[in-house]
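Okay, structure first, notes after.
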Amino acid sequence: MLKIEDLHVEVGGKQILKGVNLHIRPGETHVLFGPNGSGKSTLLGTIMGFSRFRVTRGKIYFKGEDITSMPVYERARLGLGIAFQRPPVLRGVSMQDILKISAQGRDVRIEEWAEKLNLRSFLSRDVNAGFSGGEIKRSELLQLLAQNPELVLLDEPESGVDLENIALIGEVINYLLQKDGFRGFDCPRRELKQTRQKAGLIITHTGYILEYVAADVGHVLFDGRFSCSGFNPQELLKWIQEHGYSECARCLERRTIDGE
Amino acid sequence: MENKEKLASVASEELTGEEFEDLLRVGVDAAEKERGGTYIQKDHSVVRATILQEGIEILSIGEALQKYSWLEQYWWKAVSPGEDDPRTISGEEKGYYIRVLPGVKSIFPVQACLYIASEGLVQNVHNIVIVEEGAELDVITGCASGRHVVSGMHVGISEFYIKKNAKLNFTMIHNWAEKVAVQPRTGTVVEEGGVFLSNYVCMHPVDKLEMYPTTYLIGRGSTARYHTILIGHPNSRMDVGSRVVLRGEDSRAEILARSITMGGYIVNRGHLVGEAPGVKGHLECRGLMLAPEGVIHAIPELEARAEGVDLSHEAAVGKIAQEEIEYLMARGLSEDEATATIVRGFLNVKVMGLPAELEAEIERAIGLSDESSM
């Protein structure tokens, strides 16, 4: 579904990604670990095509199509969706408006979703105006529910969310990724798994979201490269919890000496 | 359009169907559907003055001055005459007189139109609106020039008087031609508990537009709100402001200005003067640059002349943040659609509470402005 080859990306003249390779197949959920500043958000933003991320080398393919220089909205229409970490406030544009935009003419149960995400009273408010961190997370997920993308890009979905809401966030992500029916929209999970097409790429700092969302493949991004790729996410998380990222530096150093 | 037939039926010898269409675009419906009355002036002649609700008076100002001798008390009282202004009353004066009797509430808005049909005409008007005690009035004024008119001049004096606990909701739409100069002078006096809501919209090219309407809140607990939308096209110069003098105790004022330049030169002023204790005023001036060669010069002014005055302002001028555009693009909108959505939100016309057809006309104008800006 998504294939990234030797991706190099510059932000404001600084090289951030230095050769990333990634392959996500339909139905797979990948998690991305890595210390602050390693390039995780840059990778997600580049996949979506935001202008401040400049691809200097490499290719991105989505559903077999080269999207490396495709405008953001064409990628969105092709089936890419992203939850923003710090979205801008849109004055005079209501939640209702942006949900309608996200749905692109499809008939979606906006009111029902809003109710489930405790955002019903937000529908008439300006997008992100005065929203708390947790409200932004839920609002981003609500927009993705309306958009219904095939590949979901999530940047730290658990940060700033209180305990009460994290299970809810997990539930919505599982629905977006066809891992689970949602309360009131039930369908046997076995059936879901067999027919699952939706894929996800989730950045997590703490790994906390993994308690709610099952991931298939894990990667560690360190200094613009994958220091570990294609591992079991739980095992990676355990390593990181035990040793932090200092091991990545050592590991990469050894590999450089070995001429890898 | 379905109005065609209706337009033809109302088109009199004074106005053509085409001209009635021009009026419709500034909110003046010659078919008078859902209107409380109409005043239409073409060049220097009064084409229509009809009243559709009891308790509302609509006349040409010359006629009103002859009919009511007391009207002189309202002549040049809210606006000071300049050196060249004639002070004596001849009875030949043009403009509208609209008065609502005490306690009468207008069901539908009264519409007034000052229309320039002849090339190069200098239109001089002097308008008076009086909302008597406890009365309520909605007025839509559309000022426009005919589609074949290129140049002209519109000079207008408007004096509004809002009595105790009365309310005036005044909407003015301007639709001029590229070489028409427009210089209205407007003064409003609001008595105790009175409310003045003013909406002003100018979206089309104009040569030179200069206005600085002033409201005097003389009564205790009186309120004024100005909401202005300006779209500056290339070769247009607009110097527009709103001023409120808060003279009555506990009076309130709010000035909201939104301007967009597509290459035009816009000076956006605002001035709040607090002269009594307990008054509160807020001024908000926002400008959006949609073309690199345009100018927006925001000049918000606050003037406190008494203790216990609470005045604030907020001004911001800039271009649309790329971040906002890409946010909407990530939800599937093209760059042009995203820009239009942000511009529409920025202008926030909805809060003005305009009639649907007028709102649609503004939406249309914004749609056009996006095409030419990208």
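If you place +1 on the Cβ of every Lys and Arg and -1 on the Cβ of every Asp and Glu, how big does the dipole about the Cα centre of the protein assembly as shown come out, in debye to the nearest 20?
Values: 70 positive and 90 negative charges, 310 e Å.
Rounded to the nearest 20 debye, it is 1480 debye.
Loop-located trypsin sites (Lys or Arg not before Pro) in segment B:12-65 (DSSP state not H, G, I, E or B) with no more than 14 neighbouring Cβ atoms inside 10 Å: B:K33.
Mean partner shielding of peptide A:68-79, defined as the number of other chain Cβ atoms within 10 Å of each residue Cβ, is 4. Across the alpha-carbon atoms of segment B:19-320, the computed radius of gyration and Dmax are 18.7, 54 angstrom.
The charge dipole of chain B, taken about the Cα centre with unit charges on the Cβ atoms of Lys, Arg (+1) and Asp, Glu (-1), comes to about 600 debye, rounded to the nearest 20.
Rounded to the nearest Hz, the phi-derived 3J(HN,Hα) couplings of segment A:64-77 under the Karplus curve 6.51 cos²θ - 1.76 cosθ + 1.60 (θ = phi - 60°) are x, 9, 6, 10, 3, 10, 7, x, 3, 5, 5, 5, 4, 5, where x marks glycine and proline.
Compute the relative contact order of chain B as a whole-number percentage, counting only Cα pairs closer than 8 Å that sit 6 or more residues apart in sequence. Each step should come with its number before you reach the end.
Working: 1040 pairs, mean separation 35.6, N = 374.
Computed over chain B, the figure is 10 percent.
For chain A, the longest principal axis of the C-alpha atoms and the axis of helix A:246-257 are separated by about 40°.
Dividing the alpha-carbon radius of gyration of segment B:59-164 by 2.2 N^0.38 Å (N being the number of residues), what value is obtained? Don't skip to the answer; put the middle values down first.
Details: Rg = 14.9 Å, N = 106, 2.2 N^0.38 = 12.9 Å.
Ratio of Cα Rg to 2.2 N^0.38 Å: 1.15.
For the protein assembly as shown, the mean residue ellipticity at 222 nm estimated from helices alone is -7000 deg cm²/dmol, where every DSSP H run of n ≥ 4 contributes -39500 (n - 2.57) and the total is divided by all residues, rounded to the nearest 500. Projecting the Cα atoms of B:T88, B:G17, A:L78 onto the charge dipole of the protein assembly as shown, computed from C-beta unit charges around the Cα centre, puts A:L78 farthest toward the positive end. DSSP assigns beta bridges within chain A; of those with both partners inside it, close to 60 percent run antiparallel. Centre-to-centre separation between the Cα atoms of segment B:264-328 and those of segment A:185-260: 49 Å. Around the amide H of B:I299, modelled in the peptide plane, lie the amide H atoms of B:N268, B:R269, B:G270, all under 5 Å away and 5 or more residues distant in sequence or on another chain.
Here segment A:115-195 is described by how far its Cα atoms reach on the three principal axes: 41, 24, 23 Å, from widest to narrowest. Shown for segment B:116-253 is the translational diffusion coefficient from the Stokes-Einstein equation, using the Kirkwood radius over Cα pairs, a temperature of 37 °C and a viscosity of 0.692 mPa s: 213 µm²/s. Each label point was placed 7 Å from the Cα along the Cα-to-Cβ direction; for B:I51 and B:T16 their separation is 3.4 nm. Hey, in the GNM for chain A with a 10 angstrom Cα cutoff, which one of A:E156, A:E140, A:E211 fluctuates hardest? Among A:E156, A:E140, A:E211, the largest mean-square fluctuation in the Gaussian network model of chain A belongs to A:E211.
Could you give me D for segment A:102-149, from Stokes-Einstein at 4 °C and 1.567 mPa s, where the hydrodynamic radius is the Kirkwood radius over C-alpha pairs? Units µm² s⁻¹, please. Numbers along the way, then the final one.
Values: Rh = 10.9 Å.
Answer, rounded: 119 µm²/s.
Longest stretch of chain B clear of exposed loop sites (GluC sites (Glu not before Pro), DSSP loop, at most 14 other Cβ atoms within 10 Å, sites excluded): B:120-292. Residue order for A:S51, B:S222, fewest other beta carbons within 10 angstrom first, comes to A:S51, B:S222. Looking at the protein assembly as shown, the DSSP beta bridges with both ends there are about 20 percent antiparallel.
Size check on the protein assembly as shown: the Cα extents along the three principal axes, sorted descending, read 102, 56, 49 Å.
Counting other beta carbons within 10 Å of each Cβ, put A:L236, A:L141 in order, fewest first. Intermediate results must be reported in sequence, preceding the final value.
Values: A:L236 21, A:L141 24.
Ordered by Cβ neighbours within 10 Å, fewest first: A:L236, A:L141.
Here A:V127, B:V317 are placed in order of increasing Cβ neighbour count within 10 Å, fewest first, which gives B:V317, A:V127. Relative to the compact-globule estimate of 2.2 N^0.38 Å, the Cα radius of gyration of segment A:2-257 comes out at 1.00.
Here, each number is a calculation from the coordinates, and none is a lab measurement. Since the structure is predicted, the reported quantities are computational estimates derived from the model, not experimental observations. Cβ coordinates were reconstructed from backbone atoms using ideal geometry, including for glycine residues, and neighbour counts include every protein chain displayed.
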